[in-house]
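The values are calculated or read from the model by the stated rules, or taken from the named source; none is laboratory data. Quick caveat, the model's predicted, so the values are computed rather than measured. For neighbour counting, all protein chains shown are included, and Cβ atoms are generated from backbone atoms with ideal geometry for every residue, glycine included.
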Amino acid sequence: MPVITAVLGDITTQDVDAIVNATNKAMRGGGGVNGAIHGRGGSAILRDCIARFPNGLATGDAGWTTAGNLPARWVIHTVGPNYNAGQRDRSLLEACHRRALEVADEIGARSVAFPLISTGVYGWPRADAIAAAIDTIAAARTRVDEVRLVALDEAVHKQIRAALWVRCPPPVGAGTVGSLFEREPIQYSLRGDSYLWRELRARFADTPLPDDWFTLRTLITHAIEQVVGEPLVSRESAPWHDSAAAIYLPEFDPGHGMSAGHVHLPWWSHAGVPILLDRYAALRT
């Protein structure tokens, strides 16, 4: 399984062996990521597309060309399904990622950067596109070592990162703050709380446990407040299931469930943080 990371930036500037282009069937340029790759890569990419794929590509298939003036060595072109035109078979979107990695193996690419395929003018729901990308790449039998999921927009980057930490949680070291998050609570208050729990686990994966209870509490509290953008105490007196006490974070919304994306500060104040402090105290006895 390759190491998958979320990257905030421009896919055309990624210093990897190959970048993936979400193209159309004709493979003759276009808008969005496709236009940016052709524009910055130069005419050599289009010439290679015409020479190697005179009839273009089918939806779900992939093929490679030169990367022209881009930092990458190759461009792997793949044709995503057009959700807005009724192509809503998820297996086609999964095939794009699978075939791109197969092509990467054919050309010997060990690092590959993907955009979010079909989420632009093709209209595939973003949360499902992220899930399809991560699940397919994580399950692929490939020699690729590194896969980057690249987003130009910070909000999209956060959503990819949150989904990655749920589906492919990073390892945490022994004796770290992250290790306190290893066993998840039996029940959260709202769906977004589980995403925040896993984000904090990843943030503190390498952070050594502090020497005292107060420092740990401050560290965790400040991290929660940084993510939600509000003091933890601001809503701690509200009832546990008071919807007014919930804070909606788009990056924690996988696109399903009534409480998707909602973080409940009273739960963190009265349950989440105390659970972590109790685990810390148990380690110290």
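For region 11-39, name all the residues that are among the small types (G, A, S) and more than 20 Å from L101 (Cβ to Cβ).
A26, G29, G30, G31, G32, G35, A36, G39
Kindly indicate whether A131 is part of a helix (DSSP H, G or I), outside the structural domain of E251 (by TED's automatic domain parsing) and of a type in the set (A, V, I, L, M).
Judged against the criteria, A131 is a match.
Has region 234-249 got at least one residue that is modelled with pLDDT of 90 or more and in a helix (DSSP H, G or I)?
Within region 234-249, not a single residue is modelled with pLDDT of 90 or more and in a helix (DSSP H, G or I).
What about A244, is it hydrophobic (A, V, I, L, M, F, W, C) and free of Cβ contacts under 8 Å to residues at least 12 places away in the same chain?
yes
Name every residue in region 187-246 that is surrounded by fewer than 21 Cβ atoms within 10 Å (Cβ to Cβ) and hydroxyl-bearing (S, T, Y), in order of residue number.
Residues satisfying the conditions are Y188, S194, T207, T215, T218, T221, S234, S237, S243.
Which numbered condition trips up G255, out of (1) of a type outside the set (V, I, T); (2) farther than 28 Å from W213 by Cβ; (3) in a helix (DSSP H, G or I)?
It fails just one condition, (3).
Yes or no, residue by residue, for (1) buried (at least 18 other Cβ atoms within 10 Å of the Cβ); (2) touching a residue at least 40 places away in the same chain (Cβ under 8 Å); (3) assigned to a loop (DSSP other than H, G, I, E, B):
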residue: A6; (1), (2), (3): yes, yes, no
residue: V16; (1), (2), (3): yes, yes, yes
residue: V20; (1), (2), (3): yes, yes, no
residue: G29; (1), (2), (3): no, no, yes
residue: G35; (1), (2), (3): no, no, no
residue: L46; (1), (2), (3): no, no, no
residue: I50; (1), (2), (3): no, no, no
residue: P54; (1), (2), (3): no, no, yes
residue: G60; (1), (2), (3): yes, no, yes
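Take the residues in region 190-206 that are of a type in the set (A, V, I, L, M, F, W, C) and assigned to a loop (DSSP other than H, G, I, E, B); name whichever of them is nearest to I247 (Cα to Cα).
So, considering only residues that are of a type in the set (A, V, I, L, M, F, W, C) and assigned to a loop (DSSP other than H, G, I, E, B), the one nearest to I247 (Cα to Cα) is L190.
May I ask you to verify whether R143 is outside any loop (DSSP other than H, G, I, E, B), among the charged types (D, E, K, R) and either surrounded by fewer than 23 Cβ atoms within 10 Å (Cβ to Cβ) or in the same structural domain as L209 (by TED's automatic domain parsing) (or both)?
No, not satisfied.
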